[in-house]
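Input: a single structure, listed below in C-alpha cells.
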Amino acid sequence: MHQVRYAVCVVVVASVCLTAPATHQGGHVAWATAKGTLRVAVVGFDRESTAPWEGSTPMLPYSGNMYDPLIAADEHGQLSTEGLVTDWQSNEAGDVVTLTLRSGVKFHNGEPLTAADVKFSFETWKEQTGGSPSLTGAAMRGILKRVDVLNDQQVQVHLHSPNAIFPHLLSWVEGDLGILPKRYFDALPGQTFEEKRNAFVKQPIGTGPWKFVSRTVGTSIEFAANADYWDQQRVPQFARLRLIKVPELSTRMNMLRTAEADLVVVDSDGAKTLHREGMRLFVNRNVAHALMVFYKCYDPEMVTHDVRFRKAAILALDRQAIVQALFPPIAADIGSLGALSAGGPLTGPGVVGYDPNAPTYPYDPKEARRLLQEMGYLKNPKTITANSFSFASLPEGPKFIEAIAGYWEAVGIKVQIRQVDATFVSKKSTASPQGFEPPGEVGVQSPWYRPSGLNNYRVFAVSKPEIKTEVEKARGLEAGGSLAGHCDLNKADTLYLDALGILDPLKLAAAIQHINTATYEDYWAIPLASRSEPWAARPGIVSDWRPVPLGPVYLRFETALPGPDVP
C-alpha cells in the first residue's frame, strides 16, 4: 500500500502564561504526590453529559477530562503523534486510513485500549449522534464507510472518498471524538444501547488523565487524578479537579478574590481588572474568530443577496478601530486579546493557507454609500435585523453588534438590534429551510480557530445536507456544511470539494489559499477579529498551566501545576 502522510503544518502560535517564566522546560515538574483541589469556574457545561457522543466540542471541558482524543495536538495547536494514535497513513487513493495505536494505554478500570475500542467509538459517533450537536458525528455520517480491525493496535478506516480534514476530526482542536471502552460498555446492565448508555453515564470511564468522581447537574463535576495515566509527562499534579458552572463574569471574578475558585475564565475587561489586582493571567492565543455572517444570503429574497450590499456593509466598517476599542492592551507584557488578520473570512496566523500579505477590506464609507445608492437601497431602505448574542468564546459579541450598527447607520443602512441568545440563532440556522427572514438578518458568530482551515470553511460556508447544489449532484458527494453561510453555495461547494481530496500538504495549503482568494470579493462574511481567551488564577495556587492554543476547549487541566500555597 502506498503510504501518504496527511498534512501537518507547524506554526509558532502558543498558549502563553503571561507572568513570570515557567519553572520547567519541556517536562513536568513532579511532586511526591498529587495534592490539593483545582477549582475552575467556567461559563457553562453545554449538553452536560458524561456520554461524550451526546455533546459537541463545547462539552469537552466538562466531560473530556476523563477521555483522550485519538490524535493529540502539540503546544502550537497542530496535529501530533504524541497521543493515542502514533501514526496515521492513507492508501494511494486516499480513501483508506490506517491508524496505529499506542501500546500500554489503559482505561480507568485497568483494561487495555485496543483497536476494538476504536472501532466501537467510530461506530458510536456515526450511529448515535443524530440527535446531538457533535461536529465529528455529523461528519462521520457523511464520510465513514466502515472500520476494520487489523490487530489489537491497528484499525483501517474506510471513507467514501479522500478527505483532507479527517485527521483533524480526530483531534480536540477541531473535533470531539473520544475513545469508549467496548468491553466495559457491553458488560453494563441492559439489553439496548440506550439502557447501557443510562448505566454508563452514572459510572463513565475513559483513558484520560482524570477519573470521574461525582457531579451535581447544573452546578459542578469533580474528578480525581489518574496516577496511572499513560502519559507520565501529563499525570495531574493536583489531586482533584472540580469544574463549577458560573455564567456571570462578575461572580467568577469575585470567587477568585474570595478564594472560592482558583482558575476562572474572564473577558478582556475582567482580565485587565484582575491583572491590576495582582492575579496571575494565562492567555490561550487565537482560540476563535469573530465573524459577522449574512444569514441565508444565498436566498434572492434577502437584500444581503446583492453583492453590492454586502460590500457596502463591509466597507462601512472601520474594523481596526472597532478591534482597538473592544480589545485595549491589558498590560505591556500581555498586549491585546484581539487582532485583525489579513485576507478574508476564517483565516489567520496558524491556519493552513494563511497569507499575511493578503489584502484586507479597507474602511471606505464614501464607496459604501455609492454602492447603496447604485442598488437603490438608499431610496427604499429596508431594515436589517442584527441578532445580538454572545458565546463563551466571544463574550464581546453584543459589543461588536452595537459598534457595527453605528457605522452602518452612518452610511444609511437601517438596523434593528434584536437581543437573543445563541440557541435562538442556532435553531434558525439548523432548521430546514433555515428560519432567517427577509429583508435580511445578520449576527456575529464565533467560529473556533480550526487550524486546518478547510474544516471551518465546511462548517460555515458550504451547503447544508438538505440543500443539494449542482456540483454535489454531478459528483455524487455531499459538502455537509452546518451554517450555509456563503452567498453562492454551488461555488462554495465546488471550491471545498476540489480541496477536500488533496492530501499533499503543500498542494492542500495552496488550495486553501485559492479558496481565500477566490471568495475574497464575494464579501460573504465580515472578518472582525482573531480572539485570544484570558484566564485568571490565584498566583499562589496555580504556578503554571498549558492549554492547547487555536481552540477554546482542549484545556488540559492536568498540566496545571500547584503553587506554593496549595495545602
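The values are calculated or read from the model by the stated rules, or taken from the named source; none is laboratory data. None of these values were measured; they are calculated from a predicted model. Please note: Cβ atoms are built from the backbone with ideal geometry, for glycine as well, and neighbour counts cover all protein chains shown. Protein only, heavy atoms only, side chains kept; ligands, DNA and RNA dropped before computing areas. Shrake-Rupley method; radii C 1.70, N 1.55, O 1.52, S 1.80 Å.
For this structure, a couple of remarks:
- Pairing residues of the range 480-491 that are on the phi < 0 side of the Ramachandran plot with residues that are assigned to a loop (DSSP other than H, G, I, E, B) and aliphatic (A, V, I, L, M), at Cβ distances under 8 Å and at least 6 apart in sequence or on separate chains, gives Gly481/Ala461; Gly481/Val462; Leu483/Ala461; Gly485/Ala461; His486/Ala461; His486/Val462; Leu489/Val462; Leu489/Ile467.
- Scan the range 320-359 for residues that are over 23 Å from the mean Cα position of the chain (by Cα) and among the charged types (D, E, K, R) and the total you get is 1.
- Every listed requirement among (1) under 24 Å from Leu508 (Cβ atoms); (2) at pLDDT below 95 is met by Gly344 save one, (2).
To keep it simple, each residue is scored yes or no on (1) of a type outside the set (A, V, I, L, M); (2) within 23 Å of Val293 (Cβ to Cβ); (3) in contact with a Leu (Cβ under 9 Å, 6 or more places away or on another chain); (4) touching a residue at least 12 places away in the same chain (Cβ under 8 Å).
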site	(1), (2), (3), (4)
Ala331	no, no, yes, yes
Gly335	yes, no, yes, no
Leu340	no, yes, yes, yes
Gly343	yes, yes, no, yes
Gly350	yes, yes, yes, yes
Tyr354	yes, yes, no, yes
Ala358	no, yes, no, yes
Tyr361	yes, yes, yes, yes
Leu371	no, yes, yes, yes
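- Within the set Leu281, Leu256, the sole residue that is part of a helix (DSSP H, G or I) and in contact with a helix residue (DSSP H, G or I) (Cβ under 9 Å, 6 or more places away or on another chain) turns out to be Leu256.
- Hits in the range 117-131 - residues which are open to solvent by 40 Å² or more (accessible area, probe 1.4 Å) and more than 24 Å from the chain's Cα centre (by Cα): Lys119
- Search result, residues across the range 82-106 that are open to solvent by 40 Å² or more (accessible area, probe 1.4 Å), not in a strand (DSSP E or B) and not charged (D, E, K, R): Ala93, Ser103, Gly104
- Among the residues of this structure, Pro69 counts as one that is surrounded by 20 or more Cβ atoms within 10 Å (Cβ to Cβ) and part of a loop (DSSP other than H, G, I, E, B).
- If you go through the range 387-416 and keep only what is part of a strand (DSSP E or B) and under 21 Å from Phe309 (Cβ atoms), you end up with Asn387, Ser388, Val415, Gln416.
- Single residue of Lys366, Lys428, Lys379 found to be charged (D, E, K, R), within 30 Å of Pro552 (Cα to Cα) and either open to solvent by 10 Å² or more (accessible area, probe 1.4 Å) or in a loop (DSSP other than H, G, I, E, B) (or both): Lys428
- Residue match in the range 107-114 (condition: open to solvent by 10 Å² or more (accessible area, probe 1.4 Å), more than 19 Å from the chain's Cα centre (by Cα) and closer than 24 Å to Ala164 by Cβ): no
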